[in-house]
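Quick notes on the structure that follows.
The values are calculated or read from the model by the stated rules, or taken from the named source; none is laboratory data. These numbers come from a predicted model, not from an experiment. Methodologically, a virtual Cβ is constructed for each residue, glycine included, from the backbone with ideal geometry; neighbour enumeration extends over all protein chains shown. These area figures cover heavy atoms from the full protein model, side chains too; ligands, DNA and RNA do not enter into them. Shrake-Rupley method; radii C 1.70, N 1.55, O 1.52, S 1.80 Å.
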Amino acid sequence: MDLSPWGIGDDDVVYAVGRENLTLARPAAYSDLSVRARQAAGLVTFRRWRASVGLTAPELDALEEHLWQYALVTPETFDEWHEADPLARLGSSEPLPVSLLRTLEASGIEPEELRSVIDSLIEITYGGLFGRLESRWSLSELATVVAFARRQGVAPAPADAFDDCLWIDDDWGRPTETIVGRWRAGE
């Protein structure tokens with residue numbers, strides 16, 4: 001949670017604040033959102049961009065579906081989910097699949113720029129799975145997606161649409177199936 005201006009310059013200070021102590025003032029900021037809500041904002045923004053340019057690619061459909069599923073993954077379903085999508089497992093130095101590259105070429109879309117957005121969407125989710133979760137990196141990755149969309153003339157998903165799942169809600173957030181369904185409907 002962004003507690004500016006109280007902790008500026010002092011990264012070692014931790015403030016324990018319960019949700020019941022918060023009063024939300026709209027509009028919400030992306031920094032207020034949990035990782036899952038930031039991921040949803042990124043996915044909705046990415047879907048808006050794809051719709052605006054008419055980019056149809058089964059690999060991107062599958063990646064988006066995979067990332068959406070994370071919002072509802074349980075400890076019992078994690079292992080199966082984690083290994084399920086080839087783009088999510090693709091290393092940053094590995095090339096995109098040939099079929100996706102052909103689709104991008106036919107659409108006039110620069111593969112390098114799209115790759116950075118794909119990597120950011122993946123990092124919002126995977127970046128903190130096996131290490132310490134930090135707010136800054138997921139915000140930075142979301143900023144990459146938002147900046148890309150804005151450069152393309154596409155309005156990013158507003159933070160307010162996801163403010164029912166905040167950073168204060170266990171960092172990762174705990175969205176219900178109903179909340180995730182509503183988020184996806186915002187596509």
* Please give the peptides 171-184, 33-46, 58-71 ranked by average Cβ packing (other Cβ atoms within 10 Å per residue), highest first, as a rough proxy for protection. => 33-46, 58-71, 171-184
* Asked: Taking only protein heavy atoms and a 1.4 Å probe, what accessible area per residue, in Å², does the stretch 39-114 have with all protein chains in place?
  -> 51
* Structure fact -> Extension length gain for Asp171 and Trp137 (0.36 nm per residue less Cα distance), in nm, is 11.0 nm
* **3J(HN,Hα) from dihedral phi, the stretch 64-78, Karplus parametrisation 6.51/-1.76/1.60, rounded to Hz, x for glycine, proline** => 4, 4, 4, 5, 4, 4, 4, 4, 10, 5, 10, x, 6, 9, 4
* Asked: If amide H atoms are built 1.01 Å from N in the plane of the peptide, which residues on other chains or at least 5 residues away come under 5 Å of the amide H of Leu33?
  -> Trp167
* Asked: Taking a quarter of the surface of the Cα convex hull of the stretch 72-187, what do you get in nm²?
  -> 8.5
* Between Thr77 and Ala62, how many nm apart are label points set 7 Å from Cα along the C-beta direction? -> 1.9
